[in-house]
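Novice: First the structure, then my questions, so here it is.
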Amino acid sequence: MDAADLRQLETLSLAGVEAIVAGFGGQRSGAQRTRGLEFVDYRRYTPGDDLRSIDWNVYARLREVVVKAAPAEGHVDLALLLDGSRSMDDGTPSRFRYAQQLGAMLGTVALLGSDVVAVHMLADGRSWTGARLAAPHLVTELIEEVAGLPRGTRTDLAAGVRDYRRGAEPADLAVLLSDGLAEPRPLTEAIDELGASGRAAAFVHLVEGEAAMAALEGAFELEDRETGERLVVEVTPRVRATYEERVRSAGAALREACADRGVTYVPAPTDVPPLDLLFGAARDTGLVSL
């Protein structure tokens, strides 16, 4: 990010990171915001607390007894979860590079808005957690941390998110950035875990742009980046059409699975600059008009 990017992100910070994520899901600010993105302060239940103040929705999701303390006027605790598997290396720019850029920008918006950010890398069924950052002057540290994230090989999002949950308190907002390249059942399990990771959650689905898919034609030797398995294919117009339809179907299934679990689904084509994606979401909230 350069100085011009930071100036634009300062504008976005007026909307707030939680409102921008709401905009990703097509939600507007005010009365139309979903309950999942209406933040309140919580604390653990102690004997003597009014039972009417227990948040049973949180209990159903997290199996933790907490009470609503007051409407949130303080910071939002943002957890950024990046898929660090080797499948994220595909694309131009690579999906991982795009996730780094978008994650760093989301984190910067949060820090400039006096929110709290923690970055977590998921790969091989494990999680790596960075520092908990909580001040605008730590933007440079955030960017350096995202740029230097460790990597893994294998996709196991469900186990990775589960490992993250074991070592961290529930966030106000958990955002997972991933290409979603996994079999349907483990991917659904990952969304279940993500939904229990924060009081609100979003799945940012990194997908190839239409131009990249249109360029697929001719003979290719494909290599699975995670297993090393190779396959020679001849991409004809019919094969490409079948591939495109399967990509659309997989995206629709992921969107539906997220909706069923109260997780905001965010399609993120990697041919759209991350800053444009953020501003589009902010405009949709009605809080930023640019």
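Novice: Return the total of residues in segment 244-254 being surrounded by 14 or more Cβ atoms within 10 Å (Cβ to Cβ) and of a type outside the set (D, E, K, R).
Specialist: If we filter segment 244-254 for residues that are surrounded by 14 or more Cβ atoms within 10 Å (Cβ to Cβ), which is where we start, we get 244, 250-251, 253-254.
Now narrow it down to the ones that are of a type outside the set (D, E, K, R): 250-251, 253-254.
The total comes to 4.
Novice: When segment 100-149 is examined, which residues are found to be on the phi < 0 side of the Ramachandran plot and of a type in the set (S, T, N, Q)?
Specialist: Passing the criteria: Gln100, Gln101, Thr108, Ser127, Thr129, Thr140.
Novice: I need the full set of residues from segment 154-206 which are in contact with a strand residue (DSSP E or B) (Cβ under 6 Å, 6 or more places away or on another chain) and polar (S, T, N, Q), in order please.
Specialist: Within segment 154-206, Ser178, Ser197 meet the criteria.
Novice: So Gly107 passes all but one of these: (1) under 19 Å from Leu181 (Cβ atoms); (2) within 15 Å of the chain's Cα centre (by Cα); (3) not aliphatic (A, V, I, L, M). Which condition number does it fail?
Specialist: (1)
Novice: Find all pairs meeting these conditions: Cβ atoms under 6 angstrom apart; at least six residues apart or on different chains; first residue within segment 227-253 and over 23 Å from Arg86 (Cα atoms); second residue surrounded by 11 or more Cβ atoms within 10 Å (Cβ to Cβ).
Specialist: Short answer, once both residue conditions are applied: Val235/Leu216; Val235/Glu217; Arg240/Leu216.
Novice: When you go through Arg225, Arg283 one by one, which is the residue that is out of contact with any Phe, Trp or Tyr (no Cβ under 9 Å at 6 or more places or on another chain), of a type in the set (D, E, K, R), modelled with pLDDT under 90 and in a loop (DSSP other than H, G, I, E, B)?
Specialist: Numbers: Arg283 fails: in a loop (DSSP other than H, G, I, E, B).
Residue meeting the stated conditions: Arg225.
Novice: I've got another one for you. Filter segment 182-195 down to residues that are surrounded by fewer than 20 Cβ atoms within 10 Å (Cβ to Cβ) and in contact (Cβ under 8 Å) with a residue 40 or more places away in the chain and give me whichever is farthest from Ser94 (Cα to Cα).
Specialist: Asp192
Novice: Same structure again: Taking helices (runs of 4 or more DSSP H) that do not extend beyond segment 52-171, which have at least 2 residues that are over 21 Å from Glu18 (Cβ atoms), out of contact with any Asp or Glu (no Cβ under 8 Å at 6 or more places or on another chain) and modelled with pLDDT of 90 or more?
Specialist: Working: elements: 56-62, 95-112, 139-147, 157-167.
Per the criteria, 95-112, 139-147, 157-167.
Novice: Being in a helix (DSSP H, G or I) and surrounded by fewer than 20 Cβ atoms within 10 Å (Cβ to Cβ), is that true of even one residue in segment 260-271? It would help to see each step written out before you state the result.
Specialist: Applying the first criterion (in a helix (DSSP H, G or I)) to segment 260-271 yields 260.
Those still in the list that are surrounded by fewer than 20 Cβ atoms within 10 Å (Cβ to Cβ) too: 260.
The answer is yes; a qualifying residue exists.
Novice: Let me ask something additional. Mind telling me which of the residues Val232, Val239 ends up being assigned to a helix (DSSP H, G or I), of a type in the set (A, V, I, L, M, F, W, C), over 17 Å from Ala123 (Cβ atoms) and more than 14 Å from the chain's Cα centre (by Cα)?
Specialist: Working: Val232 fails: assigned to a helix (DSSP H, G or I).
Being assigned to a helix (DSSP H, G or I), of a type in the set (A, V, I, L, M, F, W, C), over 17 Å from Ala123 (Cβ atoms) and more than 14 Å from the chain's Cα centre (by Cα) holds for just one of Val232, Val239, which is Val239.
Novice: Name every residue in segment 154-168 that is out of contact with any Leu (no Cβ under 9 Å at 6 or more places or on another chain) and touching a residue at least 40 places away in the same chain (Cβ under 8 Å), in order of residue number.
Specialist: Scanning segment 154-168 gives Arg154, Gly167, Ala168.
Novice: How about segment 172-181: which of its residues are closer than 12 Å to Arg95 by Cα and modelled with pLDDT under 90?
Specialist: Pass one, segment 172-181, residues closer than 12 Å to Arg95 by Cα: 177-181.
Result: Leu181, single match.
The values are calculated or read from the model by the stated rules, or taken from the named source; none is laboratory data. Because the structure is a prediction, the values reported are computed rather than measured. As a convention, Cβ positions derive from the backbone with ideal geometry for all residues, glycine included, and neighbour counts pool all protein chains shown.
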